[in-house]
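> Please find one structure pasted underneath; my questions will follow.
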Ligand code: RP5
């Protein structure tokens, strides 16, 4: 099945974060592909990936990176697809560096920036489902199911002392 979401990350070391994105995409039944593409170590590959993604059927790109996290922004500069940026929690500055590197795009080249770390990685998948859900009813339904279950779980467990 053609991948609709491309998940890229700057390093294999980002996988422990971006794996949460892929897990959620899989749970929602959204076909995806995953690849390490580094803005700094493989810049030509990044340009090639961003330029060719749309032609291959990708409709949303999720790009995660840490530190001097230029991957989402440079990717957005080379494609008109929506780019969702996930700041990976860096060891030295706890991901604030990643967040600021991704979020402060100049007007004209947007990156939809998520929270640092696991929450952002999961929400990137949910946001991709929201975007794709406008076109694909099955992803809209999967997202609605997920949200309804989440709500019901909270309502069914109101006592904070329960495990
Ligand atoms: C970034 O540098 C990557 O996104 C990663 O978060 C960070 C560290 O990369 P490694 O040195 O672990 O490969 O490009």
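> Please specify each residue of segment 2-32 satisfying the condition of being over 18 Å from residue 90 (Cβ atoms), surrounded by fewer than 17 Cβ atoms within 10 Å (Cβ to Cβ) and out of contact with any helix residue (DSSP H, G or I) (no Cβ under 6 Å at 6 or more places or on another chain).
Scanning segment 2-32 gives 2, 23, 26, 27, 31.
> Mind listing whichever residues of segment 117-126 are in contact (Cβ under 8 Å) with a residue 12 or more places away in the chain and assigned to a helix (DSSP H, G or I)?
Taking segment 117-126 as the starting set, the residues that turn out to be in contact (Cβ under 8 Å) with a residue 12 or more places away in the chain are 117-118, 120-122, 124-126.
The answer is 118, 120, 121, 122, 124, 125, 126.
> For residue 129, only one of the following conditions fails: (1) farther than 20 Å from residue 22 by Cβ; (2) in a helix (DSSP H, G or I); (3) out of contact with any strand residue (DSSP E or B) (no Cβ under 8 Å at 6 or more places or on another chain). What is its number?
All conditions pass for residue 129, except number (1).
> Mind checking which helices (runs of 4 or more DSSP H) fall wholly inside segment 9-100 and carry at least 3 residues that are more than 15 Å from the ligand (Cβ to nearest atom) and more than 14 Å from the chain's Cα centre (by Cα)?
The qualifying helices (runs of 4 or more DSSP H) are 43-52.
> Kindly list, by first and then second residue, each pair from a residue in segment 96-113 that is free of Cβ contacts under 8 Å to residues at least 40 places away in the same chain to a residue that is within 13 Å of the ligand (Cβ to nearest atom) and part of a loop (DSSP other than H, G, I, E, B), limited to pairs with Cβ atoms under 6 Å and residues at least 6 apart or on different chains.
Cβ pairs passing all conditions: 97/67; 97/90; 98/69; 98/90; 99/116; 101/68; 101/69; 102/69.
Just so you know, all these numbers are worked out from the coordinates, no wet-lab data involved. This one's a predicted model, so the numbers in the text were calculated from it and none came from an experiment. Cβ atoms come from the backbone with ideal geometry, glycine included; neighbour counts cover every protein chain shown.
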